[in-house]
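Undergrad: Provided herewith is a single structure, encoded as structure tokens, for subsequent inquiry.
Here, each number is a calculation from the coordinates, and none is a lab measurement. On a predicted model such as this, the values are computed, not experimentally measured, just so you know. Cβ: placed from backbone, ideal geometry, glycine included. Neighbour counts: every protein chain shown.
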Amino acid sequence: MKILASLLVFLAATTAQADTLYKVVGSDGKVTYTDRPAAEGNSVTALQFANAPSSPLPDSVLKYQAELQKSMQGRLAQAGKQDSTGTPALFVATWCGYCTRAKAYLQGKGIRYREYDIDTADGGRAYFEAGGRKGVPLLVAGDKRQQGFSEGSYDKFFAAKQ
């Protein structure tokens with residue numbers, strides 16, 4: 001039982017950045033789990049993740065969300081509409097590690113984006129108007145949205161956008 005629990009903890013830790021988890025069996029029979037297909041050995045896809053990891057929202061933000069939903073029903077109808085510049089919007093929080101990595105990814109790829117800090121009144125309002133509900137980061141471009149961050153999911157997001 002302890003071995004199974006240890007394996008689950010290991011899998012959860014190694015999949016924090018992966019969309020797909022690979023089980024690699026080496027020539028010596030050693031089993032390794034990784035987020036990249038093996039160059040050598042027999043590689044078998046073990047798990048696939050539909051949602052990238054994200055940080056949960058604190059209770060204060062969830063309360064603010066409920067208040068906004070009550071008072072802004074008309075504005076919520078406009079949720080997710082692309083602005084006239086076509087620039088993606090990235091909703092982040094300063095306390096979110098995945099947000100920091102998402103911003104570094106976009107900057108590294110030279111992708112222009114509008115940044116909204118959900119801990120500010122305007123950023124929080126924009127986040128909920130864009131349909132944000134589960135966590136940050138949230139990337140929105142037109143009618144497309146990506147919840148959470150992983151390099152693979154962002155690569156797919158921008159490949160499909162072109």
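Undergrad: Please find the FRET efficiency linking Thr100 to Asp122, where r is the Cβ-Cβ separation and R0 is fixed at 22 Å, and quote it to the nearest 0.05.
TA: Values: r = 21 Å, r/R0 = 0.94.
So the FRET efficiency works out to roughly 0.60.
Undergrad: With the Cα gyration tensor of the stretch 104-162 giving a ≥ b ≥ c as the square roots of its eigenvalues, does the rule (a/c under 1.5 for rounded; else a/b larger than b/c for prolate; else oblate) give rounded, prolate or oblate? Walk me through the numbers before you get to the answer.
TA: Details: a/c = 1.93, a/b = 1.62, b/c = 1.19.
Taking the square roots of the gyration eigenvalues as a ≥ b ≥ c, the stretch 104-162 is prolate.
Undergrad: Still on this model: List Leu106, Leu139 from most exposed to least, where exposure is judged by having the fewest other Cβ atoms within 10 Å.
TA: Final ranking by Cβ density, sparse to dense: Leu106, Leu139.
Undergrad: Lys/Arg Cβ at +1, Asp/Glu Cβ at -1, dipole of the stretch 88-142 taken about the Cα centre: which of Gly135, Tyr98, Gly108 is farthest positive-ward?
TA: Farthest towards the positive pole: Gly108.
Undergrad: Checking the a/c ratio against 1.5 first, then a/b against b/c, what shape does the Cα gyration tensor give for the stretch 55-161? Please list the in-between numbers first.
TA: On the way: a/c = 2.07, a/b = 1.37, b/c = 1.51.
Judged from the Cα gyration tensor, the stretch 55-161 comes out oblate (a/c at least 1.5, b/c at or above a/b).
Undergrad: Order 152-158, 26-32 from most to least packed using the mean count of other Cβ atoms within 10 Å. Can you show the working numbers first?
TA: Values: 152-158: 16.6, 26-32: 9.3.
Result, highest mean Cβ count within 10 Å first: 152-158, 26-32.
Undergrad: For Lys23 and Arg36 in the same chain, what is the full-extension length gain: residue separation times 0.36 nm, less their Cα-Cα distance, in nm?
TA: Values: separation 13, 0.36 × 13 = 4.68 nm, distance 0.95 nm.
Full extension of this stretch gives 3.7 nm more.
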